[in-house]
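Only one structure is covered here, and it is reproduced in the block below.
The values are calculated or read from the model by the stated rules, or taken from the named source; none is laboratory data. Every value quoted in this text rests on a predicted model; they were computed, and no experiment measured them. As a convention, Cβ positions derive from the backbone with ideal geometry for all residues, glycine included, and neighbour counts pool all protein chains shown.
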């Protein structure tokens with residue numbers, strides 16, 4: 001049997017072996033028939049069927065093949081950074097705005113998509129692709145400019161749709177109508193950054209909008225062929241378990257189609273970085289986060305597609321917690337915890 005694993009130093013490699021335990025540095029692997037287990041202080045079973053509605057599985061069922069997102073930097077801005085609302089941004093966001101910097105390097109949309117397409121073919125053997133407008137706020141411009149950006153991306157080879165990241169206070173009827181116009185031919189997801197349903201939290205993290213703005217945006221978008229994905233963050237300052245689960249409960253009843261769950265980690269040179277260095281913010285422990293994600297999933301209907309269950313920060317930007325850089329470990333611990341609980345998405349809806 002040949003398995004591709006990730007070692008504790010996060011170097012990818014392949015191993016070929018039959019059955020039995022193999023000691024590899026501080027990680028032990030045990031093969032048993034078609035299953036294998038990894039020991040990270042406790043045994044974690046790998047490659048089992050997920051207990052939630054995962055995004056890759058959804059895309060494979062929809063298109064019958066591997067479909068990958070290609071991140072696109074459209075060179076847009078954000079009202080929370082350009083002075084319209086604020087110049088500070090959200091407390092956890094740095095100047096890159098989750099961007100790749102591709103636009104600043106002079107790469108066109110077509111060039112970005114083509115480079116991403118080649119990379120995804122090599123890495124995943126993907127055959128179809130979605131353009132993911134990720135950096136900053138991708139409806140924060142005119143409808144004419146939005147159309148030009150989307151048309152350019154979708155004209156590239158192998159494109160079957162797009163995902164558009166934005167803020168709930170940066171859409172209106174005209175922009176939603178434009179996005180809807182693509183749904184007859186393409187798969188379209190509109191991703192709203194919400195983070196929490198609690199206005200006290202939204203104010204504390206300097207989001208620049210309230211929960212009502214999100215409700216208006218969802219009401220405007222729903223039932224138009226546009227899939228709605230909502231970003232939430234666990235571990236926000238001042239939020240306890242009850243508040244985080246209230247976010248899950250509210251979203252469960254809003255008719256949305258997908259959720260991305262993120263960990264609040266501290267990025268260098270952000271307002272949160274200063275708060276953390278003063279000792280006024282403590283990051284979640286890995287085990288607490290894992291349990292919280294499982295609790296959250298149990299309260300979301302199984303029809304909601306889970307596009308992400310933890311963050312994946314750039315190593316050179318991460319300040320804390322250190323475990324946030326161990327994406328695969330956290331991912332597998334969530335699966336293991338659901339199995340140990342004999343739980344699944346929607347169990348407590």
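Per-structure values
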quantity	calculated
Any hit, segment 243-261, residues being assigned by TED's automatic domain parsing to the domain that holds residue 294, more than 21 Å from residue 348 (Cα to Cα), assigned to a helix (DSSP H, G or I) and out of contact with any helix residue (DSSP H, G or I) (no Cβ under 8 Å at 6 or more places or on another chain)	no
Hits in segment 295-346 - residues which are in a strand (DSSP E or B) and more than 16 Å from residue 55 (Cα to Cα)	318, 319, 320
Contacts under 7 angstrom Cβ, first residue in segment 217-231 being within 14 Å of residue 181 (Cβ to Cβ), partner assigned to a helix (DSSP H, G or I), 6 or more apart	221/176; 224/176; 224/180; 225/180; 226/179; 226/180
Subset of segment 262-272 [assigned to a helix (DSSP H, G or I) and surrounded by fewer than 19 Cβ atoms within 10 Å (Cβ to Cβ)]	271
So residue 259, is it farther than 22 Å from residue 132 by Cα and surrounded by 15 or more Cβ atoms within 10 Å (Cβ to Cβ)	no
Meets criteria (surrounded by 20 or more Cβ atoms within 10 Å (Cβ to Cβ), in contact with a helix residue (DSSP H, G or I) (Cβ under 8 Å, 6 or more places away or on another chain) and either within 21 Å of residue 242 (Cα to Cα) or in the same structural domain as residue 243 (by TED's automatic domain parsing) (or both)) for residue 286	no
Top-ranked residue in segment 191-214 [being out of contact with any helix residue (DSSP H, G or I) (no Cβ under 6 Å at 6 or more places or on another chain) and closer than 30 Å to residue 67 by Cα; ranked as surrounded by the fewest Cβ atoms within 10 Å (Cβ to Cβ)]	191
Within segment 40-60, considering residues that are modelled with pLDDT under 85 and touching a strand residue (DSSP E or B) at 6+ places or on another chain (Cβ under 8 Å), the one surrounded by the most Cβ atoms within 10 Å (Cβ to Cβ)	44
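Residues checked against (1) under 20 Å from residue 177 (Cα atoms); (2) in contact (Cβ under 8 Å) with a residue 60 or more places away in the chain; (3) assigned by TED's automatic domain parsing to the domain that holds residue 175:
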| position | (1), (2), (3) |
| --- | --- |
| 69 | no, yes, yes |
| 78 | no, yes, yes |
| 108 | no, no, yes |
| 113 | no, no, yes |
| 124 | no, no, yes |
| 141 | yes, yes, yes |
| 154 | yes, no, yes |
